[in-house]
Amino acid sequence: MRLIPPAVLAELYARSDVRGAARALAHLAALTAGVLLVHTARGHWWLPAALLLHGLVIVSLFAVMHEAVHYSAFRSRRLNELAAWLAGFGILFNATYYRQFHFAHHRYAQDPARDPELLTAPPPRSRAAYWWRVIAIPYWRARVSNLVRLARGRFEGLGFVPGPTQPAIVRSMRAMLAALIGLAAVSIAQGTDALLWYWLLPLALGLPFLRLYLLSEHTGCSEDDDGLTNTRTTISVWPVRFLMWNLPYHAEHHLYPSIPFHQLPAAHRWLRAHLRVVARGYVSVQRGLYASLPRAPRRPARS
């Protein structure tokens, strides 16, 4: 697709260790501020709000993992791999596995028969299914299941994972499992509940918002290979664009997956006139999606 002139596209493809490091350090600062906020709030009535704010920053680590999996957060391949693994660990999502899952998603975006996002989590067809997705129980179940299965080398039903990549995924999953067990052992030995208050509880509170965010990317778009109609770009406020590393420019990302996060706003200016699914805010997207769903799954008509 030649929607962006080749000379401009060459500039947009430029990755930067400096821009990546600056955004990563800012994200780390936000996480640190969240920990301090929760620590200060303990014992006060506004603790739930502090936990939620911190949780929103934690779940936005998904965007760090996503960008680094594309090797576009930094110029350095090693920095991308390290950032992806650490960010994924923060949301209990293994980046080595996610890389294969996500590349297959890009290759077969919105193909009901081959897109792993649709195969593992089909769009909700009722309001009950919508809320089941939002409360994030399927997310927790999938993360635990993948951790146990893939650490044992069990890839049944995951045809989108190429055979040559499976040993690396097994090693990565085992490293993640060992790290989790190590953290739990240290916490028990030290008699501390820090992991609960500063990580797991905020993560649990933030995950429903991540599920809503991800639901906005493709749900309700065309189920075909037209990148102008099968992905939604959402014009959002600066804090969301900042925490999500400009991923709300999602159609732009799918059309040109190698454009790094800091160049997506510029790509949007070139592509805006061509995009067919552009929303003004995530609240309006969710209102529209929810209003389109029946209260119960539709039953096939009797012949």
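One table, with the values for the structure above:
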| quantity | calculated |
| --- | --- |
| Spin-label model distance (nm) - residue 126 vs residue 200, 7 Å beyond Cα toward Cβ | 3.2 |
| Stretch gain in nm, segment residue 292-residue 238, where the contour uses 0.36 nm per residue and the Cα spacing is subtracted | 16.6 nm |
| Label-point separation in nm, residue 224 to residue 165, each point 7 Å along Cα→Cβ | 2.8 |
| Computed E for residue 156/residue 22 - FRET, C-beta separation, R0 41 angstrom, nearest 0.05 | 0.45 |
| Pairwise FRET efficiency - residue 29 versus residue 270, Cβ, R0 = 22 Å, nearest 0.05 | 0.10 |
| Whole-Å distance, taken between Cα centres, linking the range 14-72 and the range 116-174 | 24 |
| Within the chain: Cβ-based charge dipole about Cα centre, in debye rounded to nearest 20 (Lys, Arg +1; Asp, Glu -1) | 520 |
| Exposed-site-free run, longest, the chain (rule: trypsin sites (Lys or Arg not before Pro); DSSP loop; at most 15 other C-beta within 10 Å) | 155-271 |
| Average Cα contact separation per residue, the chain, under 8 Å, 6 or more apart, as relative contact order % | 25 |
| DSSP H segments from the chain that extend 24 Å or more along their own axis, Cα-based, with Kyte-Doolittle mean of 0.5 or above | 17-41, 166-190, 201-218 |
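The numbers here are math on the coordinates, done by the rules we state, and not lab data. From a predicted model like this one, the values you see are computed outputs, not experimental measurements. Cβ coordinates were reconstructed from backbone atoms using ideal geometry, including for glycine residues, and neighbour counts include every protein chain displayed.
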